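Below is one structure, written out as structure tokens; the observations come after it.
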Amino acid sequence: MSGTYTCRWCRMSTDAPNLISCPTCGAPVDVRDRVSESGWYELPAIPDMARLQFGRSYCQIEGTYVPVADFNLSGEDGVYFTHHLLLWKDPAIAIAPMALRGGWSRLFAGLPLLMTQAYGQGHVAFSRDAPGELVPVPLQAGMSIDVREHIFMVATNQVRYDWFNTGVWFQTRDGDETETHYPLGMYMDRFSAPGAPGLLLLHAHGNAFIRQLAPGETLLVKPTALLFKDSTVQMHLHFEHPAGTWRSWRSWGERFVWLRLTGPGRVSVHSAYDKFEDPGNTLSGSSPATRWQWRG
Amino acid sequence: MDTGTRVECQWCRSQNSPDARSCYTCGAPLDVRNLVSDSGWREAPRLRDMTEIHFGGSTCQVEGEIVPVAEIALGAGDWVYFEHHVMLWKDESAAMSVMPLGGGIKRAFAGMPFIITVAQGPGRIAFSRDATGELVVLPLHPGVELDVREHAFLLASHSIGYSYVRIKGLKNILFGGQGMFMDRFVAGNEQGLLVLHGYGNVFERMLQPGESILLEPGAFLYKDATVTMQVETQRLSSGLFGGTGMNLAKMTGPGRIGIQSMYVHHHTDD
């Protein structure tokens, strides 16, 4: 291969000759795109032992069922991660906690209280204890993406980490009891590259798909299937009631809880998502949402 | 056959005929290059669907890829042993018995299987574990001693001796992720077959004398008996909230170690 190659997954361009996989995200260059008729682009399986370059260091992807991200740090670069994902490390690699704001809120929301940093010269490797795919998301300077909680694996030091309240919730009432539900989780992680490009690795349960939404274009997804989205994509709840189901004063009957995503920007989903338990009781409140009742 | 034309399996070091596509003894593809990371981990060979492996007068056929099945056609006089819950199906003709084990009460308290089951040929019997992963076929050459994480072994052939070793040190027992005991398999005067199941992908690395590596304890799968294991704790303080501790198993050579990428995470003292 000669000339400039632009990766169809991460959109990074490179002039490197004889490429087998994208040097930034690992997507193979010699396979045809797998795009569904509806427009979903399937993350191509990263070739075993592919290398992803960042700064003076690189990450090698090893395995296929439960892939391992094996970082070879040069000494000038570092990574941070949630500590339970560490698989192994050289003794020369040091680890230390990275302070996060909002400790109480994170604690109550079930988010990891601290991130861990790894630095030094040598190897450190990560994997998540579930079958799926590693999703490398190279961030160009100025880019920002929002990631559902517990999806993040590891990021390079150039990537800034923040988190925000999703603002997506609804309440149900059963007798005197009111319960608040967060179909997307109470918080989402936000990763941005303010100054220099960085690399972010996520773990998708099952297969990962991505799609570009045009300005104003909408899509309904299962809230727990969302993997990440560009920060420009807006989201709110949508309740859908199928025709022909029984309803009473204390129950809405059958109800589907959707997350409506509105472009512009990329959205990504994974195919093995958690089940969201909706008790089906009458709604007593929610964040901005729409409803639709199908008539039989 | 002229030994100069034979092909050596890079996984188990057995000699094979030059036209073989898979190793006669461990099933590793012979026409596929080794996948070795820059850090020195070698991926366990990905066995082709329906690959046949030979031991004694018996064969083992590997079926499937995501949750593979090991189907054993036992020859007359051959037998294999296993933990009973990994049995998938069997012919009626394959005779079943239990292996006498010492230290039953200790094993029961340690959460290890109280009995090991034996299937005797002739007949067919098949095994699988209920999780995504790989079969790791380890033909044990005479004299080799291998320590295996408890419940990770799928089956072993009759020529391999089975015992268990107590993990020394309270810290290693509490935070090492292996419990109190590890299975130990010893090949006597005859080569035997040991098949393990690793969650996710399995990698192996050879540690030189004195060389160390720090592992998530739940990732440990097997090691040569010469490799030592010692748990190290690292405190990760978050100030007001106290923080957490991270326990890592320090493995020191000489010898090989095997790890699994979908590990059993052991919570630390948050």
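The values are calculated or read from the model by the stated rules, or taken from the named source; none is laboratory data. Not measured: the values here are computed from a predicted model. Positions of Cβ are backbone-derived with ideal geometry, glycine not excepted, and every protein chain shown enters the neighbour counts. When the accessible area is computed, the model is the full protein with side chains, heavy atoms only, and any ligands, DNA or RNA have been set aside. Shrake-Rupley method; radii C 1.70, N 1.55, O 1.52, S 1.80 Å.
Only residues that are more than 12 Å from chain B (Cβ to nearest Cβ) and either in contact with a Ser or Thr (Cβ under 6 Å, 6 or more places away or on another chain) or under 19 Å from B:Gly133 (Cα atoms) (or both) were counted across region A:42-84, and they come to 7. Does at least one position in region B:8-28 carry a residue that is without any contact (Cβ under 8 Å) to a residue 24 or more places away in the chain, in a strand (DSSP E or B) and closer than 26 Å to B:Val67 by Cβ? No, region B:8-28 has no match at all. Counting only residues that are of a type in the set (A, V, I, L, M) and over 22 Å from A:Ala155 (Cα atoms), region A:187-223 holds 5 of them. The condition of being within 21 Å of the chain's Cα centre (by Cα) and modelled with pLDDT of 90 or more holds for only one of A:Leu113, A:Leu100, A:Leu86, A:Leu107, that being A:Leu86.
Filtering A:Ala92, A:Ala45 for residues that are under 28 Å from B:Glu43 (Cβ atoms), modelled with pLDDT under 90 and part of a loop (DSSP other than H, G, I, E, B) leaves a single hit, A:Ala45.
Scanning region A:196-222 for residues that are open to solvent by 60 Å² or more (accessible area, probe 1.4 Å) and either within 13 Å of the chain's Cα centre (by Cα) or not polar (S, T, N, Q) (or both) turns up A:Pro197, A:Asn207, A:Pro215, A:Glu217, A:Leu220, A:Lys222.
Here A:Gly3 clears all of (1) in contact with a strand residue (DSSP E or B) (Cβ under 8 Å, 6 or more places away or on another chain); (2) open to solvent by 20 Å² or more (accessible area, probe 1.4 Å) except the condition numbered (1). Taken residue by residue, region B:49-61 has at least one member that is away from every other protein chain (no Cβ under 14 Å), out of contact with any helix residue (DSSP H, G or I) (no Cβ under 6 Å at 6 or more places or on another chain), surrounded by 18 or more Cβ atoms within 10 Å (Cβ to Cβ) and part of a loop (DSSP other than H, G, I, E, B). Criterion applied to B:Val231, B:Val264 was being within 18 Å of B:Phe181 (Cβ to Cβ), at pLDDT below 90 and more than 9 Å from every other protein chain (Cβ to nearest Cβ), and the one residue passing it is B:Val231. Is it the case, given these coordinates, that B:Leu47 is closer than 18 Å to B:Leu194 by Cβ and touching a Leu at 6+ places or on another chain (Cβ under 7 Å)? Yes: the conditions hold for B:Leu47. Just one of the listed residues (B:Ala44, B:Ala70, B:Ala94) is surrounded by 14 or more Cβ atoms within 10 Å (Cβ to Cβ), touching a Phe, Trp or Tyr at 6+ places or on another chain (Cβ under 6 Å) and touching a residue at least 24 places away in the same chain (Cβ under 8 Å), and it is B:Ala70. Being buried (at least 20 other Cβ atoms within 10 Å of the Cβ), modelled with pLDDT of 90 or more and either in a loop (DSSP other than H, G, I, E, B) or away from every other protein chain (no Cβ under 14 Å) (or both) is a description that does not apply to A:Val124. Going by the structure shown, is A:Gly167 modelled with pLDDT of 90 or more, open to solvent by 10 Å² or more (accessible area, probe 1.4 Å) and small (Gly, Ala, Ser)? Yes; evaluated as a whole, the condition is true for this residue. Across region B:205-222, the qualifying residues are those that are more than 12 Å from chain A (Cβ to nearest Cβ) and open to solvent by 10 Å² or more (accessible area, probe 1.4 Å), and the one among them that is nearest to B:Ile160 (Cα to Cα) is B:Met206. Within the option set A:Glu149, A:Glu133, being closer than 22 Å to A:Gly26 by Cβ and touching a Leu at 6+ places or on another chain (Cβ under 7 Å) holds for one residue only, A:Glu133.
Of the conditions (1) open to solvent by 10 Å² or more (accessible area, probe 1.4 Å); (2) within 14 Å of chain B (Cβ to nearest Cβ); (3) outside any loop (DSSP other than H, G, I, E, B), A:Leu87 fails just one. Which one is it? For A:Leu87, the failing item is (1).
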